[in-house]
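The values are calculated or read from the model by the stated rules, or taken from the named source; none is laboratory data. The structure presented is a predicted model; accordingly, all values stated were derived computationally and were not measured. Neighbour counts are summed over all protein chains in view; Cβ atoms, including those assigned to glycine, are modelled from backbone coordinates with ideal geometry.
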Amino acid sequence: MILALLVGPLVSSALYIASRLGALDVPRLGFDWTTLVNTLLLAPVLEELVFRGGVQSVLDRTTFGRLGILRGVSVGNVLTSILFAAAHLLVNPPWLAASIFFPSLVFGRLKQLYPSLLPAMFVHAWYNLCYVAAGNAWLFLS
């Protein structure tokens, strides 16, 4: 869990630096209350309920879904993460939606390790907060 929490600021910092250097066009989210509530509360809760609580739970009940691919990463987690990343194509550029696959694996692993969706929801909200902070760092660093 600690490693999962450390990854968010590191990756978000890398995105911020890449954006400042012109290597990536990182979409910036607003810093208003509506965006913050949607990004830090609604999205993590609803997405984890649908993807980890729904899709991954169904897949985890099958023999195929429980098959391990890498240490602790199941087929169900990978398939759910592919769907999760694909869903983000609706609102993100393709490179960003594809990169969301990796945090999704973390959320899926947390779902497997803990009997509750709360750890996955919390880490999801934390990653979103790091992303919003990195995208709006210019407010604080300029």
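Here is how the numbers come out for the structure above:
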item: Qualifying residue in segment 44-51 (condition: under 12 Å from the mean Cα position of the chain (by Cα), β-branched (Val, Ile, Thr) and within 18 Å of Ala133 (Cβ to Cβ)); result: no
item: Unique residue being assigned to a helix (DSSP H, G or I), at pLDDT 95 or above and over 16 Å from Val26 (Cβ atoms) when the list is Gly65, Gly108; result: Gly108
item: Some residue of segment 30-41 being under 25 Å from Ser74 (Cβ atoms), in contact (Cβ under 8 Å) with a residue 40 or more places away in the chain and surrounded by 12 or more Cβ atoms within 10 Å (Cβ to Cβ); result: no
item: Identity of the residue in segment 68-88, hydrophobic (A, V, I, L, M, F, W, C) and assigned to a strand (DSSP E or B), that ends up nearest to Ala43 (Cα to Cα); result: Val73
item: Flag if Arg52 is closer than 20 Å to Leu5 by Cα, crowded, with 16+ Cβ neighbours inside 10 Å and not hydrophobic (A, V, I, L, M, F, W, C); result: yes
item: Unique residue being in a helix (DSSP H, G or I), over 23 Å from Ile2 (Cα atoms), out of contact with any Pro (no Cβ under 7 Å at 6 or more places or on another chain) and not hydrophobic (A, V, I, L, M, F, W, C) when the list is Thr34, Thr39; result: Thr34
item: Verdict on Leu6 being surrounded by 12 or more Cβ atoms within 10 Å (Cβ to Cβ) and either touching a residue at least 24 places away in the same chain (Cβ under 8 Å) or closer than 26 Å to Pro119 by Cβ (or both); result: no
item: Where Ala133 falls short, out of the listed (1) farther than 18 Å from Ala14 by Cα; (2) of a type outside the set (Val, Ile, Thr); (3) surrounded by 13 or more Cβ atoms within 10 Å (Cβ to Cβ); result: (1)
item: Within segment 52-62, considering residues that are polar (S, T, N, Q) and assigned to a helix (DSSP H, G or I), the one farthest from the chain's Cα centre (by Cα); result: Ser57
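Residue-wise test of (1) free of Cβ contacts under 8 Å to residues at least 40 places away in the same chain; (2) of a type in the set (Lys, Arg); (3) crowded, with 16+ Cβ neighbours inside 10 Å.
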{"residue": "Arg61", "(1), (2), (3)": "yes, yes, no"}
{"residue": "Gly76", "(1), (2), (3)": "yes, no, yes"}
{"residue": "Phe84", "(1), (2), (3)": "yes, no, yes"}
{"residue": "Ala97", "(1), (2), (3)": "yes, no, yes"}
{"residue": "Ser104", "(1), (2), (3)": "no, no, yes"}
{"residue": "Gly108", "(1), (2), (3)": "no, no, yes"}
